[in-house]
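Since the structure comes first, as structure tokens, the remarks are kept for the end.
The numbers here are math on the coordinates, done by the rules we state, and not lab data. The shown structure was predicted, so the numbers you read here are calculated from the model rather than taken from an experiment. Glycine gets a Cβ as well: all are built from the backbone with ideal geometry, and neighbour counts include every protein chain shown.
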Amino acid sequence: MQKSPHLQLWQASLLGIVQGLTEFLPVSSTAHLNLINRICHWHRPGLVLDTSLHLGTLLATLVWTSQEQIQGDLLHFALVAKVAVATLPAGLAGLALDSYIDAHWRSPQVTAAMLMLGGALLWWVEQQALQARELDDLSWADALWIGLAQALALVPGLSRSGMTVGAGLARGFKRPAALRFSFLQSIPIVAASGGYKLWQWHRSRNPVEAAPLLIGSGTAALSGYLCLEGMLHLFRQRSLKGFALYRLLLGTALLFFNHRSSKKVTRLL
């Protein structure tokens, strides 16, 4: 894939669809985009495209929360304050470690390893989870622990939703309650991250074409909204063990395609 100024519309559409479908599931959107890039022999999406994809899923979250019962949660000051507390660890870690993570932890090997580790953690959490608490039971300590889990998810492959929902289950919450809080705490962190990256792009003064960015953001928003529509029902009926197994398979696939790509490069040299 070319950089964002010359990005093909169908490529932006595909990346947007994948981003929207995987952002809210505990399977790591970063890993899926990485795998597609490996299979298709594309480069990583540029900064502006990556930002537009995440802002698309942010839009899906805002639209969905405005229509669901979760909108009432935003009216409770205490819960909003706890969302802020849960956002702080990831925000501070992102400011301190963003450049280091981008330079050293975005390899396919790290992503694959974190996929597998996260899958093992999800399986263990499902085995141990009591699932007895509702969102109204959320304490300040719960918010901090879930926030720390979100900070760990800065490492590619761990999955923000996977870590936060898993942490919620580990604290004894029912799946729908853990998922609702995960959605709520995604809003400020994704908005802040997107705004920061847009500011970085503005400072770089690199020209971009608007059409691919709008297509990528729009498809991410649409597919993300459709994914959100079915997730609460899915999480009421199904455990996370299927996602845990899927993560193990995806990590293996990512390692396989990376190994194949490396062998091809070696032969060319």
Furthest towards positive pole of dipole, F257, A151, G168, structure part the chain, Cβ charges: F257
Using the Kyte-Doolittle scale, find the helices of the chain whose mean hydropathy is at least 0.5 and whose Cα atoms extend 24 Å or more along the helix's long axis, counting only whole DSSP H runs. 47-67, 77-104, 108-128, 210-237
Find the relative contact order for the chain and round it to a whole percent, using C-alpha pairs within less than 8 Å whose residues are 6+ positions apart. 38 percent
Work out, step by step, the length gained on full extension between F77 and L234: first 0.36 nm times the residue separation, then minus their alpha carbon distance; give nm to one decimal. 53.6 nm
Arranged from highest to lowest average of other beta-carbon atoms within 10 Å per residue, in what order do the peptides 14-22, 141-149, 158-166, 227-235 appear? 158-166, 14-22, 141-149, 227-235
Dividing the Cα convex hull volume of the chain by residue count, how many Å³ per residue is that? 122 Å³
For a test of the definition: using alpha carbon positions, the gyration tensor, and the 1.5 limit on a/c, classify the stretch 33-164 as rounded, prolate or oblate. prolate
